[in-house]
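Below is one structure, written out as structure tokens; the observations come after it.
The values are calculated or read from the model by the stated rules, or taken from the named source; none is laboratory data. If you're wondering where the values come from, they're calculated on a predicted model, not measured in any experiment. Don't worry about glycine lacking a Cβ; one is built from the backbone with ideal geometry, like all the others, and counts go over all protein chains shown.
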Ligand SMILES: CC(C)(COP(=O)(O)OP(=O)(O)OC[C@H]1O[C@@H](n2cnc3c(N)ncnc32)[C@H](O)[C@@H]1OP(=O)(O)O)[C@@H](O)C(=O)NCCC(=O)NCCS
């Protein structure tokens with residue numbers, strides 16, 4: 001079952017878009033639901049697909065999206081998205097299996113093609129003020145299982161991913177199952193995080209390793225800085 005756009009309104013930040021579709025509350029007979037706060041808007045593609053039952057989407061007030069695609073492949077998943085950075089838009093594609101959750105905290109932003117996937121009862125939790133550059137992938141599951149030929153045990157279980165507050169994920173960063181990123185940290189371009197990264201560091205590479213400690217970063221772009 002697919003959620004359909006039902007109401008239209010203008011988005012203040014997109015003057016060239018004549019009308020902006022808006023999410024509204026929704027429920028179906030299989031216990032899937034969408035609950036929206038006030039002033040939730042989507043300027044681009046909107047698609048929420050429920051293949052199973054008992055899935056819940058909560059979009060909090062003042063969450064603004066350029067694109068929102070959520071595919072619920074199974075049952076009992078939850079998605080909770082807080083308001084975006086004022087003046088920016090969430091650009092998100094998500095896919096969930098069974099019994100999993102994805103939580104995006106307040107004041108986060110995502111550039112183009114940001115993808116999150118969770119399954120097998122695992123969660124992805126993003127704190128507040130997290131900045132994702134383009135083509136970031138947050139993968140709590142490998143999507144396909146690998147087994148040992150010795151005893152058929154699963155070698156690549158899905159796992160939770162936790163991203164702290166005020167984290168910057170640079171372009172094309174990938175987080176794999178079990179990634180934990182401490183608050184205030186920066187993950188460098190094309191890095192792959194497979195384990196735990198502490199607070200207030202720069203980590204880079206495949207797999208990502210800490211190269212700088214005791215750092216801070218800020219969101220405003222440097223184009224306004226004079227040399
Ligand atoms: C994370 C980042 C900002 C760090 O920059 P920095 O603090 O100036 O880091 P440095 O250039 O001093 O690099 C420190 C070390 O890490 C290495 N390094 C830096 N970025 C790396 C990367 N993405 N992958 C692998 N190694 C990297 C450097 O070679 C250097 O290694 P060395 O000490 O052995 O010489 C930068 O690496 C980055 O990713 N920039 C792209 C940001 C981006 O995607 N912006 C898009 C808009 S959000």
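One line per residue, one yes/no per condition, for (1) touching a residue at least 24 places away in the same chain (Cβ under 8 Å); (2) closer than 18 Å to residue 111 by Cβ:
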site: 129; (1), (2): yes, yes
site: 176; (1), (2): yes, no
site: 186; (1), (2): yes, yes
site: 204; (1), (2): no, no
site: 213; (1), (2): no, no
Quiz item: What strands (runs of 3 or more DSSP E) completely inside the range 70-155 contain at least 2 residues that are within 19 Å of residue 174 (Cα to Cα)?
Solution: 90-96, 101-104, 114-118, 123-126, 137-139
Quiz item: How about the range 157-167: which of its residues are touching a strand residue (DSSP E or B) at 6+ places or on another chain (Cβ under 6 Å), surrounded by fewer than 19 Cβ atoms within 10 Å (Cβ to Cβ) and in a loop (DSSP other than H, G, I, E, B)?
Solution: 160
Self-check item: Members of the range 168-190 found to be within 13 Å of the ligand (Cβ to nearest atom), in a loop (DSSP other than H, G, I, E, B) and under 30 Å from residue 145 (Cα atoms), listed by number
Solution: 170, 171, 172, 173, 188, 189, 190
Quiz item: How about the range 69-90: which of its residues are under 17 Å from residue 113 (Cα atoms) and modelled with pLDDT under 95?
Solution: 84, 88, 89, 90
Quiz item: Does the range 85-113 hold any residues that are over 17 Å from residue 158 (Cα atoms) and buried (at least 24 other Cβ atoms within 10 Å of the Cβ), and which are they?
Solution: 104, 108, 110
Quiz item: Got a number for residues in the range 207-223 being within 11 Å of the ligand (Cβ to nearest atom) and in a strand (DSSP E or B)?
Solution: 4
Practice problem: Could you tell me whether the range 144-163 includes any residue that is at pLDDT 95 or above, out of contact with any helix residue (DSSP H, G or I) (no Cβ under 9 Å at 6 or more places or on another chain) and within 16 Å of the ligand (Cβ to nearest atom)? | Solution: yes
Exercise. Test each condition in (1) part of a loop (DSSP other than H, G, I, E, B); (2) at pLDDT 95 or above; (3) surrounded by fewer than 16 Cβ atoms within 10 Å (Cβ to Cβ) for residue 226 and report the one that comes out false.
Key: (2)
Exercise. State all residues of the range 90-109 that are touching a strand residue (DSSP E or B) at 6+ places or on another chain (Cβ under 6 Å) and under 17 Å from residue 48 (Cβ atoms); if no residue qualifies, say none.
Key: 90, 91, 92, 93, 94, 95, 96, 100, 101, 102, 103, 104
